Every structure is written in structure tokens, then in C-alpha cells.
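The values are calculated or read from the model by the stated rules, or taken from the named source; none is laboratory data. The model shown is predicted, which means the values in this text are computed figures rather than measured ones. Positions of Cβ are generated from backbone atoms using ideal geometry, with glycine treated the same way; all protein chains shown enter the neighbour counts. These area figures cover heavy atoms from the full protein model, side chains too; ligands, DNA and RNA do not enter into them. Shrake-Rupley method; radii C 1.70, N 1.55, O 1.52, S 1.80 Å.
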Amino acid sequence: MIKASLGKVLARHPRADVTGIELSPGSLGMTAFTVRFRDGSSYVLDVARVQRAKAERFRDAIAGAQEQAA
């Protein structure tokens with residue numbers, strides 16, 4: 001069985017550099033979790049269906065923090 005976490009940090013970016021987070025249908029019951037950054041780069045991660053609610057809460061928390069900062 002595969003864990004829901006890698007167990008280590010892959011990269012660090014300031015929250016202010018995040019310009020958007022998208023969740024979209026992926027393959028084999030996965031959800032594509034895309035994080036876009038100010039410099040035009042992005043990360044796309046596959047999220048298992050059972051973890052989608054956590055990804056949605058993360059997206060909502062980042063969006064809320066961005067609204068408060070504006």
C-alpha cells in the first residue's frame with residue numbers, strides 16, 4: 001500500500017508566490033492537484049480519491065489567506 005505522504009519536503013516556496021491551485025479529474029480515480037506560481041512554474045501532483053477532501057481544504061485555506069492579504 002502506498003502512503004498518502006512522501007515523508008519529506010520536495011521544495012519550499014513562499015505562500016505569496018502561489019497564484020492558484022486547481023483540482024481536476026485525473027486518471028484511474030486520481031485527482032490532478034496543480035499549484036501555480038508567480039514565476040510561471042507549476043507542480044502537478046496526483047491525489048487519491050480518498051485524499052481529495054484534504055486537497056480541497058488545502059486549496060481553500062490558501063485562497064482564504066490570499067484574500068486576507070489583499
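The numbered conditions (1) surrounded by 13 or more Cβ atoms within 10 Å (Cβ to Cβ); (2) part of a helix (DSSP H, G or I) are all true for VAL35 except (2).
For LEU23, the test of being without any contact (Cβ under 8 Å) to a residue 60 or more places away in the chain and either on the phi > 0 side of the Ramachandran plot or in contact with a Cys (Cβ under 6 Å, 6 or more places away or on another chain) (or both) is failed.
For the range 45-59, how many residues meet the condition of being of a type outside the set (Phe, Trp, Tyr) and open to solvent by 90 Å² or more (accessible area, probe 1.4 Å)?
Looking only at the range 45-59, we keep the residues that are of a type outside the set (Phe, Trp, Tyr), and these are 45-57, 59.
Add one more test, that the residue is open to solvent by 90 Å² or more (accessible area, probe 1.4 Å), and what stays is 46, 49-50, 54, 57.
Counting residues in the range 45-59 that are of a type outside the set (Phe, Trp, Tyr) and open to solvent by 90 Å² or more (accessible area, probe 1.4 Å) gives 5.
Is at least one residue of the range 39-46 modelled with pLDDT under 90, of a type in the set (A, V, I, L, M, F, W, C) and either within 13 Å of the chain's Cα centre (by Cα) or on the phi < 0 side of the Ramachandran plot (or both)? There is at least one residue in the range 39-46 that is modelled with pLDDT under 90, of a type in the set (A, V, I, L, M, F, W, C) and either within 13 Å of the chain's Cα centre (by Cα) or on the phi < 0 side of the Ramachandran plot (or both).
From the list ILE21, ILE62, the one residue that fits, being surrounded by 11 or more Cβ atoms within 10 Å (Cβ to Cβ), in a helix (DSSP H, G or I), of a type outside the set (Asp, Glu) and touching a strand residue (DSSP E or B) at 6+ places or on another chain (Cβ under 7 Å), is ILE62.
Checked against the criterion of being of a type in the set (A, V, I, L, M), out of contact with any His (no Cβ under 8 Å at 6 or more places or on another chain) and at pLDDT 90 or above, the candidates ALA53, ALA70 yield just one match: ALA53.
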